[in-house]
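Read the figures in this text as sums done on the coordinates, not as results from a lab. In this text, all values refer to a predicted model and were calculated from it rather than measured experimentally. Cβ atoms come from the backbone with ideal geometry, glycine included; neighbour counts cover every protein chain shown.
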Amino acid sequence: MYLTPEEEKMMAGEYGAAVEKSMEILVALGDIYNAEKLVDITSAQISGVSYKTIGDAGLEFLEDMALDAKVIVPSTLNPAGVDLERFDLGFSKEFTKKQLEIIEAYRKMDITTTCTCTPYLVGNVPVKGDHVAWSESSAVAYVNSVIGAKTNREGGPGALSAAICGKTAEYGFHLDENRKANLIVDVEDPIKGVDYGAIGYIVGKAVGDGVPYFKLKNRSTTNNLKSLGAALASSGAVALYHVENLTPEYKEALQGLAVSDLEKISIDRREINETKEKLSTASGKPDLICVGCPHASIEEIKNIATKVAGKQLKNELWVCTSIPVKATADRMGYTEIIEKAGGKMVCDTCMVVAPIEELGFKVIGVDSAKAANYVPSMCGLDVIFDDLQNLLDFETPET
Ligand code: F3S
């Protein structure tokens, strides 16, 4: 791989051990994927944050890096294993202590410790055409597809190395020729709510790491697209998708292709409903409802507050979001409404990367196909996948 004279100096250790180690990781990745050179990035989003997923080995690696590493592009973190400020959720003291040590190592490297999978809602927002190094799969799908910036699905160490060097290896989705569609998906009926997750689940399985091009009957919101991308990235390894007449590269996605030769699939209402049922491993009402996968936007929190206002919940409700979005929900009065109904606003973490299996819940209700896909395998719990309205269980008011 070609390196500029400056990059050669970085590789030779002239800028310290952390830069040298990071360059070695970037060059090794570039060699594996036949990159010709490195490319400058404008932002990073770094996974490998929860103690549940990285353990003591990960903590040691980060503490070692934090001795002399600083990131040089705006960088944010993926969700951690606990809420970093709220300690009444039942997680063990030992786990929480280790988690806070991980966050401290990242903070020392100047990485903004908003631990969220929706960094694009809270200030980590590149512009179309930027090269970035993001690692959370749902955020990768969003930043490539909805924003039009360019990233591969980086691993945690790869994204951290890129943030320290301000560069990443130029291969995969950094190259325009790899951003073309290779599957046309015709959705035959109008869709809403959890339909987006179900469709993402179906198409992710079909396309693997390919690039689907959706023809939808109705216009979608950014909240719909974050659900779609999260599901695509969890049942498959989709990093980029296009939606006709909507996402920023939908025209380029088909340019120069013989569209009639592309593989096509159609999805109808029957298949969507069957997939919704298939994603549940239990029925009835869940003992814990966990929404905000990917982390909830302020509009989604408003919608939840509207549904529970003035009522009393029978099941527990966690609304997972980021600290800045929660601050807005506090100001708008949504937090108070949700907590009065018996729900909890939970920041920095989620139902998959927290050790939720230690809390005694049996069945978790989710409105995210990604969470439905991961909760049974990552947490060993049963899951019910449905619209929030159908998951909620209220006390009957006394007459
Ligand atoms: Fe985010 Fe956790 Fe879902 S990291 S995308 S809320 S599984």
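Cα-Cα over 31 Å: which of K98/K180; K93/K226; K167/K264; K226/K314; K150/K264? Each step should come with its number before you reach the end.
Values: K98/K180 43 Å; K93/K226 33 Å; K167/K264 36 Å; K226/K314 29 Å; K150/K264 25 Å.
Correct reply: K98/K180; K93/K226; K167/K264.
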Residue exposure sequence - L59, L38, L381 - by fewest surrounding Cβ within 10 Å: L59, L381, L38
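Rounded to the nearest 0.05, what FRET efficiency do E358 and N34 have when you use their Cβ-Cβ distance and R0 = 41 Å?
Numbers: r = 44 Å, r/R0 = 1.06.
Efficiency, from the Cβ-Cβ distance: 0.40.
At a 10 Å Cβ-Cβ cut-off, how would you order M11, M351, fewest neighbours first?
Details: M11 18, M351 28.
Placing the least packed residue first, the sequence is M11, M351.
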Whole-Hz Karplus couplings 3J(HN,Hα) for segment 115-120, θ = phi - 60° and coefficients 6.51, -1.76, 1.60, Gly and Pro as x, run 8, 8, 8, 10, x, 5
Å³ per residue enclosed by the Cα convex hull of the chain: 136 Å³
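First check a/c for segment 5-176, with a ≥ b ≥ c the square roots of the eigenvalues of its C-alpha gyration tensor; if it is under 1.5, answer rounded, and if not, answer prolate when a/b is larger than b/c or oblate otherwise. Walk me through the numbers before you get to the answer.
Values: a/c = 2.15, a/b = 1.34, b/c = 1.61.
Oblate is the answer for segment 5-176, as a/c is 1.5 or above yet b/c matches or exceeds a/b.
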Multiply the residue separation of D68 and A282 by 0.36 nm, subtract the distance between their alpha-carbon atoms, and state the gained length in nm to one decimal. 72.1 nm
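Sort segment 279-391 into rounded, prolate or oblate with this rule: let a ≥ b ≥ c be the square roots of the eigenvalues of the Cα gyration tensor; rounded if a/c is under 1.5, and if a/c is not under 1.5, prolate when a/b is larger than b/c, oblate otherwise. Please list the in-between numbers first.
Working: a/c = 1.88, a/b = 1.47, b/c = 1.28.
It is prolate, given that a/c is not under 1.5 and a/b is the larger ratio.
Using only the Cα atoms of segment 216-285, build the gyration tensor, take square roots of its eigenvalues as a ≥ b ≥ c, and label the shape rounded, prolate or oblate: rounded if a/c is under 1.5, else prolate if a/b is larger than b/c, else oblate. Before the final figure, lay out the partial values.
Numbers: a/c = 2.18, a/b = 1.81, b/c = 1.20.
Prolate shape, in that a/c is at least 1.5 and a/b is the bigger ratio.
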Report, for the chain, the % of DSSP beta bridges that are antiparallel, rounded to 5. 10 percent
Checking the cross-link filter: which lysines have an alpha carbon closer than 16 Å to that of K326, excluding same-chain neighbours under 8 positions apart? K302, K340, K344
Counting each DSSP H run of 4 or more residues in the chain as -39500 (n - 2.57), what helix-only mean residue ellipticity at 222 nm follows after dividing by all residues, to the nearest 500 deg cm²/dmol? -11000 deg cm²/dmol
Within the chain, what's the longest stretch lacking GluC sites (Glu not before Pro) that sit in DSSP loops with no more than 12 other Cβ atoms inside 10 Å? 86-394
Restricting to aspartates and glutamates and to Cα separations under 16 Å from K276, and discarding same-chain partners fewer than 8 apart, the set is D189, D195, D268, D367, D382, D386, D387
Looking at the chain, which longest stretch skips every one of the trypsin sites (Lys or Arg not before Pro) that is in a DSSP loop with at most 11 other Cβ atoms within 10 Å, leaving the sites themselves out? 220-361
